[in-house]
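Just so it is clear, none of the values below were taken in a lab; they were calculated from the coordinates. Just so we're clear, the structure is a prediction, and the values are computed from it rather than from any experiment. Cβ atoms come from the backbone with ideal geometry, glycine included; neighbour counts cover every protein chain shown.
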Amino acid sequence: MLWLAAALAACGGGGGSGDEGDGPGATAPPDPPAGALYVGYYVEDAANNPEDPTIGAVLLRLPASDGAFAGQMPFSYAGCAAGSDVGAVRGTRTGAQFSGSWSGTMDGVAVGGNFTLAPGASAGSYGGQWRNAAGKQPIAVGSCSYHVASSGAVTLFPGSTAVPNGVALTVSSSTTPVIGWSGLGSGVRATLRLFDQACLEADPSDAACFLGEASSTAASLAYPTDFGNAVALAAGRSYLWVLTAQAASGAFAGFATQSVQSIAPDPSPAPGPGDGTGGAVRGRLTVSGSGAAALGSAFAAGADARGVSVTVVASGPTCSGSGVLRSCDSSLDLSWGEYDGLLPREFVGVHVISSTRTEPGNPPGVGITSAIVVAGRVDGSGRYGQACGALQPCATPADLGIVLDLVARTVTFTNVVLPSQGSDGATIVLDGTLSY
């Protein structure tokens, strides 16, 4: 189809707001709701520990008024032996100040000390310090060794946050998700940590809430393939993903969180007619709106003895240009054609682009920055489309009402309104899910 050849200019990736400052501010942020979960990161003092300064995650449930708080600092990031090491954090809030302690073991060696928080540099955040009572500690197991710094800084945020602006974390809602990120510089190592959301709600200091981690200098990871000792995810259960990123110099490079409810993938589709990939389309896409008569009332995949062909084409990532014009792009094309016997009927097509200045670029379908979707009759009597690019505002597929799950192999349309490309002012609306 001709729309597949359309060249869309890349649009900026989204990200939450945040602040890299760790020091306390002059004004206290609004009190959090009772027992609100705050998620953030800690940074080891690189001056004290230049050998291997480390950045990790912190999760605390902070009370809305004076009282106890608790949480954890998972620090299996530098462990030598298999298994996770998690530090428990406990303390008391008095006014806007939080004081307490953290403790745990690193490869069997006891670590811990005091822990303090105060209003942070950005609205709603908290910043503070942790100290190791034993000072800088060398830890070794056989030929593996590292250090725990004598102190470090902590920054915590309420809700989903990205630091700095432009860092984006995307997670497919599957029991075997693909996790992608963008907005980090070249050579940056990203670490992903996975937590059970319900477990955190019950007791954020419970080490069992921490389900695993993985690191990569690429732009995506797959679960459970890329995670050691991975725990199987349960359909319908919510999980919290926390990304911390570190430059080759050891400096802080980024942070982001995402809470996602897992959905079990559909059973593998049986072979179908003409798809060229060994799979067939399943599901139903309902067509409504003032232009629906031109398309038929329903795009019924595999129903009524009508065959459906599907084409999936992935491309990239490839990088081109230099300096500020450097761009690494990939694309994913999904198209369906419905047939009544040998006669072509409706088609639906989705074309998404992932564009970033960070090499090597995102895999096709990860970190999507622009999209186009069209539907129409194959005979050309009706064609409808919506796109974003250089000449109009760019919307993510979720903004368009399109959700891609590359692992579950589904595309879900929710009230996707497609205007006619002609002058009749007609529209069609797409609702439903197709798998491929």
Distance (nanometres) between label positions extended 7 Å along Cα→Cβ at residue 229 and residue 134
2.0 nm
Extension gain (nm, one decimal) between residue 202 and residue 217, 0.36 nm per residue minus Cα-Cα:
2.0 nm
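Gain in length, residue 81 to residue 52, computed as 0.36 nm per residue apart minus the alpha-carbon separation, to one decimal in nm?
Values: separation 29, 0.36 × 29 = 10.44 nm, distance 1.73 nm.
Gain in length upon complete extension: 8.7 nm.
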